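Values quoted throughout were computed directly from the atomic coordinates according to the rules given, and no laboratory measurement underlies them. Nothing here was measured: the structure is a model prediction, and the numbers come from that model. Cβ: placed from backbone, ideal geometry, glycine included. Neighbour counts: every protein chain shown.
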Amino acid sequence: MRKIKVFLVSLTILVLAATSFEGIAMAAQVAWVNESSGRVHINGGKNDGYELGAIVCFFISSREELVCGIVKSTSNSEAVVKVEKRWGKKILKGKEAMI
């Protein structure tokens, strides 16, 4: 009986750790893009490490290319990244933003 209790407690701890790690490991995503100015709005801000002047990169799915830009403004929960206009048109909503 004692072994079963230890097993169940261990299993519970493991499941709780796995579910909380998923939230920690999740990267910021593109919320929307202003194509005419090349500004990409992401749902990660100062709390996630997206500080002013940081370089942020996005994958473009059509050619599997990496496009990078610089954080121009940020708040606690969101940031704006400036990229070239021609690349802003190709970045899709929901793509990951990597520092």
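Annotations for the structure displayed:
- Length gained on full extension, residue 2 to residue 41: 8.7 nm, using 0.36 nm per residue less the C-alpha separation.
- Our helix-only sum for the chain, with -39,500 (n - 2.57) per DSSP H run of n ≥ 4 divided by its residues, gives a mean residue ellipticity at 222 nm of -9000 deg cm²/dmol.
- For residue 77 and residue 98, the FRET efficiency from 1/(1 + (r/R0)^6), where r spans their Cβ atoms and R0 equals 25 Å, is about 0.90.
- Qualifying aspartates and glutamates (Cα of each under 12 Å from Cα of residue 93; at least 8 residues distant if same chain): 35
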